[in-house]
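A short worksheet on the structure shown next.
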Amino acid sequence: MTAPLKLLLRRKMGDEFPSHPEEKITRVVDEMRTIGEENPGVPGEEDEEEPDVFAYDESSVRREEYRVLQNEHGSEGKDVDLVVRKADMSRLPSQLNGLISDISLIEKLKETRVFAGFSRLLYERPRNAPDSQRMLWREWPKYHRDRWLPASIVQGEGMLITLDNDTLSVWEREDSVQQQTQLLQDNFNSAAARYRWMPKVISSRLILIHSLAHALINQLVFECGYGSASLRERLYVEQGDDGEMSGFMIYTASGDSEGSMGGLVRMGEPDKLGEVLFKALNKVSWCGGDPICGEAVQHGGQGPDSLNLAACRSCLLLPETSCEEFNRFLDRSFLTGVLTGPEAWTTYTY
């Protein structure tokens, strides 16, 4: 035992361990410090690697998040990590009835960010490639206790906007919508075959919700005063036996005061959100890159691997830290039917 540790023990023993001799305490401390040094693994399994037990299904995690965020949770003033308040939908502008079905105002949220690897140039992990987390180590640690990753916890606020499923279902059946969706799906399939990406379904619903999130974030940057990289999106899009998700969250989570200014929640109130959304839709109805941007569908798409249609830096693209999909699968014509675009989602009631 080191001299400083012995000195510390002598100072504390009189208060904490009055009935135990110094030799006994130092012996126990030495034994505790050496636990795991000779045999750090599970007894009898010294040569076996501990399996990964933290694998999870991304879809199930998002479904659970979506379910929680759609209901009121917590209350301001208490020591909680999540406070959700339901918006009064009677204040929603009549033009948006049938388009937006629900709004949740997230007055407080906590996000834990774990650095589990990184990639450049290629947006997807190639098929059969090592997990990005494993690639952080030159030699993969045998035991879980050595597989820790750097993380940070940040506070923030946001809003969850849920679109009307009935309107979406009718809109998705339009021939022009399906044709443009198939174009992006074909482009992705070609890129996936070239880079050996995992297969992925690109749905009309994903393109629409993703494009709407980008348009709204770009407008909120001006309305709220946030830096463009301070706002983030989280998409909740799914169709299947496990239920439907048709919403997106816009939130800010920063390590400084920008994460809790309150402006984002205020803009999520239905009457305010309506004004912001009208401005956003009007803004993306024309782009500084038109007609080239708006006619991208006629040329097979634009951007890396042609994974965008009517979307460029002048209209829809965001800082990459704000976008979950690396600025892919975007088409503003789904929102407003610009130029030669398809039947716009907003034409049903807007």
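Values in this text are rule-based calculations from the coordinates and carry no lab data. Owing to the predicted nature of the structure, the values given are computational and were not obtained by experimental measurement. Note: ideal-geometry Cβ built from the backbone for every residue, glycine included; neighbour counts use all protein chains shown.
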Classified through the alpha carbon gyration tensor (a ≥ b ≥ c as square roots of its eigenvalues; rounded if a/c is under 1.5, else prolate when a/b is larger than b/c, else oblate), region 58-348 comes out oblate
Other residues with Cβ under 14 Å from the Cβ of residue 96 give, with Lys and Arg +1 and Asp and Glu -1, a net charge of -3
Two pseudo-spin positions, 7 Å from Cα along C-beta at residue 194 and at residue 325, lie apart in nanometres by 1.9 nm
The relative contact order of region 58-348, taking Cα pairs under 8 Å that sit 6 or more residues apart, comes to a percentage of 20 percent
Taking placed amide H atoms and a strict 5 Å upper bound, the residues 5 or more places from residue 330 or on another chain that come that close are 309
Quick note on 306, 60, 169, ordering by fewest other C-beta atoms within 10 Å, gives 60, 169, 306
Per its Cα gyration tensor (rounded if a/c is under 1.5, else prolate when a/b beats b/c, else oblate), region 189-288 is best filed as prolate
Ordered by number, the trypsin sites (Lys or Arg not before Pro) in region 132-179 that occupy a DSSP loop and have at most 11 other Cβ atoms within 10 Å are 138, 173
With DSSP loop assignment and no more than 12 other C-beta atoms within 10 Å, the GluC sites (Glu not before Pro) in region 78-179 are 139
Under 22 Å between C-alpha atoms, the lysine pairs in region 58-348 lying 8 or more places apart or on different chains count 8
Total charge of the residues flanking residue 68 in space, meaning their Cβ is under 15 Å from its Cβ, with Lys and Arg +1 and Asp and Glu -1, is +1
In the neighbourhood of residue 280 defined by beta carbon distances under 13 Å, the net charge of the other residues (Lys, Arg +1; Asp, Glu -1) is +2
